[in-house]
Structures are given as C-alpha cells and as structure tokens.
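First up is the structure itself, then whatever we jot down about it.
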Amino acid sequence: EIELLCYESAHLPARGTIEELCRLAAECGVTYNVHLPTDLSIGHRDGSHREQAVNAVLRAFERVAPLSPSTCTLHIPCDGHPLPADDSERWRDRVQASLGKIVGAGVAPGLISVETLDYPLETLKDLIGAFGLGVCLDVGHLILHGRDVENTFAAFKSKTAIIHLHGVRDGKDHLGLDRLPHDLAAPLTRVLPTYKGVVSLEVFSFDHLAASLNWLEERFTPFSAPARHSP
C-alpha cells in the first residue's frame, strides 16, 4: 500500500493523476491511503478558517474517491496545547461541529483516521467514538512528544486504521527507523506483531526507506509461504 500525501489544500492531485494512479493500482496490485491537507484546521478559532478547512477536506475526499483509499488521515491540530479547560472545551466543540459537517456531507466516518499529534489523543477519544472514526497512530509523533507508545496503542487498538512509522532522534522525526535509540525502539518490537492493519513508513527519501526496511527485516521473521508439494 502507498501513502499519498495531499498536504496542500490548494494543490490536490489533478484528475488525470488520479486516473493514472487507478490504472497503476489495477496493473500492479497496489492500494492507497491518503493524508488529507494539513494547512487548514477544522478546530480553528476563526469561523471562516474552519469553513475553508471543512471544504478543503471535502474536496480532497471527492478527488481521491476513485482510488478507494483504505483510510484518509486527518490532522486536528490544537494550537497552544495544553489549553486552559475553558478553551479546550470550546476547541472540542468546534472540532465536533466541523466533523459533523464533514460526515453530514456524505463522508463515511470510518474512512477518517485522526492522527496522533502533540497532545494526548484521549482528548478526542469520546468524539472519535461518537462519530465512529478511525485512528492513525503515528509512532514517531508519540515518541517525539514523550507519549507512551504501548499504552496509546492499547487504548486505541480497536480503532487504529493505520500506523505511521519513522525514526526520531534529537528532536527530529521522519527519519529512518535505524535512528531510533534502543530504548525507544523496544516498544515497537512488542506492538507491531500484534497489529494486523496498514503500516506506512512515513519517510521522505529512499535512503531512509531502505534503512527502515532493513531495520524491520532484522527484527521480524519474514513471512514464509508453506512448501508446495506435487500431488
């Protein structure tokens, strides 16, 4: 499966590109998941900004629909976290209203996966459950912000539609997995064997990809097909 990054709301893939990706999927047997735009926030304080954000998410869903993505990952930033209790509640209310508009426009809620960012995802746990949303467990973000990977996975395992994997070192993420210190890598070797969904190596260079694949191969037994016997 390939993760398609639609980070910029004003620069979604052209329809011709989507058609080509559909052709490649049919020919090569690949599937896709999509990262929705990150330049707008559905929980923003400004109403016009939130409206733009909702419309951008809906445009992205409409554009990538022919690809039948397994999930579409949504950033819900909370600027200034931790917020005072009053502000946090108002932020959650804004997020709830925006999610209601997105789902009300016909987007299947199970197709949306809310990504772990710099705040505890438990902040939105009741909304995720109420709307029937999925979760994108970004392991690199959890490590970067000092969250417990195993506890977060346990809390959201039934909702996790996709895991983003990347290395973290010295405050920088989206590195190869080989850059993870041993004590931070250890939880992954316990979590990954229990997870059966999509895993995306969210790195942005071939070198980081190759290093990550080697890292995984060294720690996990490759799948072996059973021997085939002649009748």
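The values are calculated or read from the model by the stated rules, or taken from the named source; none is laboratory data. Note that the structure is a prediction, hence the values are computed from the model and not measured. Note that we place each Cβ from the backbone using ideal geometry, even for glycine, and neighbour counts take in every protein chain shown. The area values use the complete protein model at the heavy-atom level, side chains included, leaving out ligands, DNA and RNA. Shrake-Rupley method; radii C 1.70, N 1.55, O 1.52, S 1.80 Å.
Just a few scattered comments:
- For the chain, the equivalent ellipsoid derived from the Cα gyration tensor has semi-axes of 30, 24, 16 Å, listed largest first.
- Å² per residue, accessible surface of the chain at 1.4 Å: 52
- The fraction of accessible area contributed by carbon and sulfur in the chain is 53 percent, rounded to a whole number (1.4 Å probe; ligands and nucleic acids excluded).
- When shorter helices are ignored and each DSSP H run of at least 4 residues is given -39500 (n - 2.57), the per-residue value for the chain at 222 nm works out to -13000 deg cm²/dmol.
- For the peptides 22-32, 148-158, 62-72, 112-122, the ranking by mean Cβ contacts within 10 Å, running from highest to lowest, is 112-122, 62-72, 148-158, 22-32.
- Of all DSSP beta bridges in the chain, antiparallel share, percent nearest 5: 10
- The residue among 69, 7, 49 whose Cα reaches farthest toward the positive pole of the charge dipole of the stretch 1-69, with charges on the beta-carbon of Lys, Arg, Asp and Glu, is 49.
- Rounded to the nearest 20 debye, the dipole magnitude of the chain is 600 debye, with +1 charges on Lys and Arg beta carbons, -1 on Asp and Glu beta carbons, and the Cα centre as origin.
- Extent along principal axes [Cα atoms of the stretch 1-57; Å; largest to smallest]: 45, 20, 12
- In terms of packing, defined here as the mean over residues of other Cβ atoms within 10 angstrom, the peptides 8-15, 132-139 line up highest first as 132-139, 8-15.
- Between helix 47-64 and the chain there is an angle of about 40 degrees, using the helix long axis and the longest principal axis of the Cα atoms.
- Rounded to 10°, Cα long-axis angle of helix 182-191 versus longest principal axis of the chain: 90
- Positive end of the dipole of the stretch 68-141 (Cβ unit charges, origin at the Cα centre): among 88, 106, 124, the Cα lying farthest that way belongs to 106.
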